[in-house]
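Heads up, the thing below is written out as structure tokens.
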Amino acid sequence: SAAEKGGYDYFMLKEIAEQPKAVADTLLGRIDGSGSLTLDEVRIPPGVLREIDKVVIVACGTAFHAGMIAKYAIEHWTRLPCEVELASEFRYRDPILDAQTLVIAISQSGETMDTLMALRHAREQGSRVLAICNTNGSTIPRESDAVLYTHAGPEVAVASTKAFLTQLVACYLVALYLGQVRGTKWGDEIRAVIRDLSSIAGAVDRVLGTMEPVRELARTLASKKTVLFLGRHVGYPVALEGALKLKELAYMHAEGFAAGELKHGPIALIEEDLPVVVVVPSPRGRSVLHDKIVSNIQEIRARGARTIVIAEEGDEAVVPYADHLIRIPATPTLLQPLVATVPLQVFACELATARGNEVDQPRNLAKSVTVE
Ligand code: AGP
């Protein structure tokens, strides 16, 4: 009913709007007064976490994209090797797991059969399993050694939005907590990022306030056949997520690429007026990547692409090459997906509406996939 949708036309719009609160709620009570993380609810003793020598993340779909981003964070802040794998592929290739492996299973519903089978396989090999889940008491957390709940609240729309942002928050918390417990050379950065996390819900809220031009742009692209998405570093999984949203909602051909791969093949796809969304890393921090992506934007534009550029406020280098510029607030490098994903959700939702598609219930899809 309209009341359930809180005045929005679709659950998806309501859930997109709820993201600042979902993010804040997922952080609530997990950062103490001194700026350290308190994750006692993760019932794996610090002693055990110090013995871990590898992290393996399993998940499907949007949750898998959260896992890809988590890999960057975990390897950077903990120096532990981290693999991320589609849950549906995982157990069939006889993965190497033992008691020193921490397996993280990410699932909004907690009922995805592929993810459940992957975690069962990991536990049979003696690994510890930590679930990141949005649904209290669901099967995946029940069968895991520990759980860190995301507090997105119920997600009704089939296309995941607020659950994804809270999965990212939970992944950052786990990565920072592992860094904190194990002690790494990044101690100062870890403390600084924990501080930055406290203001990140406000940044998400600011992005939401600037989405009207994105909706207008989406409407002008309603008759396009293909949209490409490019990103690098944590922007790469964001590009994949933008493409997945567009497939699910707009039923358009969409693909995400790592921008550095462009020259190894995908650049052949670029043709006159092809919309290409580019997620640009911050010019601060890992600025080499920023400069490389600006070159990519130049290259594809020279070949006729219509460039839709998502870049940090104050990043002037992209301006000459952006046919459309979408600004996002500056964040620490690894946290950028929390703000960069939001315009892509709005973009896909508006394209679906413009094409007359059912936004909350896309064809052929179910909210949770309980068969393998
Ligand atoms: C996201 O928009 C999808 N509908 C889908 O990819 C989903 O993320 C995937 O099926 C995993 O679901 P889960 O998080 O409930 O395990």
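The values are calculated or read from the model by the stated rules, or taken from the named source; none is laboratory data. Since this is a predicted model, take the numbers as computed values, not measurements. All Cβ positions, glycine included, derive from the backbone under ideal geometry; neighbour counts span all protein chains shown.
In this structure, does Thr78 turn out to be polar (S, T, N, Q) and at pLDDT 95 or above? The answer is no for Thr78. Can you tell me which residues in region 175-190 are in a helix (DSSP H, G or I) and either surrounded by fewer than 16 Cβ atoms within 10 Å (Cβ to Cβ) or within 16 Å of the ligand (Cβ to nearest atom) (or both)? Gly187, Asp188 - these are the residues of region 175-190 that are in a helix (DSSP H, G or I) and either surrounded by fewer than 16 Cβ atoms within 10 Å (Cβ to Cβ) or within 16 Å of the ligand (Cβ to nearest atom) (or both).
The residues listed here are Gly35, Gly29; of these, the one that is in a loop (DSSP other than H, G, I, E, B), surrounded by fewer than 15 Cβ atoms within 10 Å (Cβ to Cβ) and either among the polar types (S, T, N, Q) or in contact with a Lys or Arg (Cβ under 9 Å, 6 or more places away or on another chain) (or both) is Gly35. Pairs linking a residue in region 48-63 that is within 26 Å of Met113 (Cα to Cα) and near the ligand (Cβ under 7 Å from one of its atoms) to a residue that is at pLDDT 95 or above and part of a loop (DSSP other than H, G, I, E, B), with Cβ atoms under 7 Å and 6 or more positions apart or on different chains, are Cys60/Thr112; Thr62/Ser160; Ala63/Gln108.
Do we find that Leu325 is within 30 Å of Trp77 (Cβ to Cβ) and more than 16 Å from the ligand (Cβ to nearest atom) in this structure? Before you say what the answer is, go through the steps one by one.
Details: within 30 Å of Trp77 (Cβ to Cβ): no; more than 16 Å from the ligand (Cβ to nearest atom): yes.
No, not satisfied.
Every residue, every condition in (1) free of Cβ contacts under 8 Å to residues at least 12 places away in the same chain; (2) away from the ligand (no atom under 16 Å from the Cβ); (3) touching a strand residue (DSSP E or B) at 6+ places or on another chain (Cβ under 9 Å); (4) not basic (Lys, Arg), yes or no:
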residue: Lys224; (1), (2), (3), (4): no, yes, yes, no
residue: Arg232; (1), (2), (3), (4): no, yes, yes, no
residue: Gly235; (1), (2), (3), (4): no, yes, yes, yes
residue: Ala243; (1), (2), (3), (4): no, no, yes, yes
residue: Lys247; (1), (2), (3), (4): yes, no, yes, no
residue: Met252; (1), (2), (3), (4): no, no, yes, yes
residue: Gly256; (1), (2), (3), (4): no, no, yes, yes
residue: Gly260; (1), (2), (3), (4): no, yes, no, yes
residue: Pro266; (1), (2), (3), (4): no, yes, yes, yes
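Cys171 fulfils the conditions (1) closer than 21 Å to Pro81 by Cβ; (2) hydrophobic (A, V, I, L, M, F, W, C); (3) more than 11 Å from the ligand (Cβ to nearest atom); (4) touching a strand residue (DSSP E or B) at 6+ places or on another chain (Cβ under 6 Å) except for a single criterion, (4).
Looking only at region 93-123, filter to residues that are of a type in the set (Asp, Glu) and away from the ligand (no atom under 16 Å from the Cβ); which one of those is modelled with the lowest pLDDT? Explain how you work it out, then say what you get.
Of region 93-123, the ones of a type in the set (Asp, Glu) are 94, 98, 111, 114.
Keeping just the survivors that are away from the ligand (no atom under 16 Å from the Cβ) gives 94, 98.
On the way: Asp94: 91, Asp98: 96.
Selected residue: Asp94.
The lone criterion from (1) touching a helix residue (DSSP H, G or I) at 6+ places or on another chain (Cβ under 7 Å); (2) farther than 20 Å from Thr220 by Cβ; (3) buried (at least 17 other Cβ atoms within 10 Å of the Cβ); (4) free of Cβ contacts under 8 Å to residues at least 60 places away in the same chain left unmet by Val309 is number (2).
Taken over region 124-151, the criterion of being in a helix (DSSP H, G or I) and not acidic (Asp, Glu) is satisfied by Thr139, Ile140, Pro141, Arg142. Within region 139-163, the set of residues being more than 16 Å from Gly61 (Cβ to Cβ) and within 11 Å of the ligand (Cβ to nearest atom) comprises Thr139 only.
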